[in-house]
Amino acid sequence: MTLELLLRYFHFISVFTIVSSLVAEHLLLKSKMTRQELVRIAKVDSVYGLAVLVLLAAGLTLWLGGYGKPTVFYSENPMFHLKLGLFVLIGILSIYPTVFFIKNRKGNDEDSISIPKSIFWMIRLELLLVFLIPIVAGLMAKGIGS
């Protein structure tokens, strides 16, 4: 098995993990949650964060390591920059929910915590944006934009 194939595999699997984690967060989220439920959602959020790091590491290695297509193919393609921009925007949107989950997970397990509506909308927007990335990646792979 070549390193390129292994990197592409990790890149691909991490995308599925990111999507499934976001869907799980969305399904687990309620307007009022106990700390025990917040601990559960914080664990899902940590899986999400780990998958993002794996995706970033594999993606940067594929891009800058010269595996597959030449680095210039990606660097000069506006679709690649759009894909990276969407990825960064999703990362920025995920900061507030992650901080909220971490801050509110400690204390009495039966305490009831109100979840701000903004967290619901941020996770929904993250999901929408994450579903746009494969379309942009497909366009990029076909050479559109270069």
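The values are calculated or read from the model by the stated rules, or taken from the named source; none is laboratory data. Owing to the predicted nature of the structure, the values given are computational and were not obtained by experimental measurement. Reconstructed Cβ throughout: ideal geometry from the backbone, glycine too, with neighbour counts over all protein chains shown.
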*Report the residue count in the stretch 49-104 for those that are over 25 Å from residue 31 (Cα atoms) and not small (Gly, Ala, Ser).*
30
*Taking only the stretch 63-96 into account, find how many residues are out of contact with any Pro (no Cβ under 9 Å at 6 or more places or on another chain) and over 18 Å from residue 146 (Cα atoms).*
12
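Residues checked against (1) of a type outside the set (Gly, Ala, Ser); (2) in contact (Cβ under 8 Å) with a residue 60 or more places away in the chain; (3) buried (at least 16 other Cβ atoms within 10 Å of the Cβ):
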| site | (1), (2), (3) |
| --- | --- |
| 38 | yes, yes, yes |
| 44 | yes, no, yes |
| 51 | no, no, yes |
| 67 | yes, yes, yes |
| 71 | yes, no, no |
| 102 | yes, yes, no |
| 121 | yes, no, no |
_residue 4 - would you say it is acidic (Asp, Glu) and modelled with pLDDT under 95?_
yes
*So which residues in the stretch 1-37 are hydroxyl-bearing (Ser, Thr, Tyr) and out of contact with any helix residue (DSSP H, G or I) (no Cβ under 6 Å at 6 or more places or on another chain), if there are any at all?*
2, 9, 20, 31, 34
*asked:* Here is a check on your reading of the model: is residue 87 without any contact (Cβ under 8 Å) to a residue 40 or more places away in the chain and surrounded by 15 or more Cβ atoms within 10 Å (Cβ to Cβ)?
replied: no
*Sort through 103, 43, 83 and tell me the only one that's over 19 Å from the mean Cα position of the chain (by Cα) and not aromatic (Phe, Trp, Tyr).*
103
